[in-house]
Every structure is written in C-alpha cells, then in structure tokens.
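Report on one structure; see the data block that follows.
Here, each number is a calculation from the coordinates, and none is a lab measurement. Since we're looking at a predicted model, the values are computed, not measured. Note that each Cβ is placed from the backbone with ideal geometry, even for glycine, and that neighbours are counted across all protein chains shown.
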Amino acid sequence: MQTDPIIRITDEKQINLPPEIQSQLQAGDEYRITIKGNCIFLEKITHPNVDLDEFLQGLEDLEPDPNQPTFAEISEIVKDVRREL
C-alpha cells in the first residue's frame, strides 16, 4: 500500500519536498499554485514548442485583413493623438 507523502511547513513558511517528489522536478519548471479552502494545488505550466519558421510561414499564409487601416489612416490617428496630448 502506497501512502501519500506528508510535508511540514517550516518556521520560515517554506516547504521541503520529499526526495520522491523532488526526483520528478526539473530545474526551470514552472508551476501555478491554487489555494481552495484547505487544499493547495500545483499545476505544471507547459509552454507549447513553437517553431519560428512555421509561425512566420503561418503569418505569410494569412489572408489580408480587410479592416486593416492604411498607412495614411494610421498617420492621421497618430497626429490626432499627438494634438490631444
């Protein structure tokens, strides 16, 4: 029968993880912590692996935005904002 590890909070309010938990962690891993009632949850944050070339190709493959302002319209907006400031 396997039991869940028990931890204690130190006087400095730190948590010392048991070796069997530490062995599953990697330097640089990030975890989101959530506290609900008397429960604390740790959820590993995973960042998707994005290939830059694939991302840029996807941008090139997009259809032009029909609502994209022209350079002249952008310039006029900038001038208006500058006048307001």
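Restricting attention to region 48-66, does a residue exist that is surrounded by 10 or more Cβ atoms within 10 Å (Cβ to Cβ), of a type in the set (S, T, N, Q) and assigned to a helix (DSSP H, G or I)? Yes, the conditions are met somewhere in region 48-66.
Report, by residue number, each residue of region 28-85 that is within 30 Å of LEU17 (Cα to Cα) and among the β-branched types (Val, Ile, Thr). Those that are within 30 Å of LEU17 (Cα to Cα) and among the β-branched types (Val, Ile, Thr): ILE33, THR34, ILE35, ILE40, ILE45, THR46. A single member of GLU43, GLU20, GLU12, GLU63 is free of Cβ contacts under 8 Å to residues at least 24 places away in the same chain and under 24 Å from the mean Cα position of the chain (by Cα), and it is GLU43.
In this structure, LEU17 qualifies as aliphatic (A, V, I, L, M) and part of a loop (DSSP other than H, G, I, E, B).
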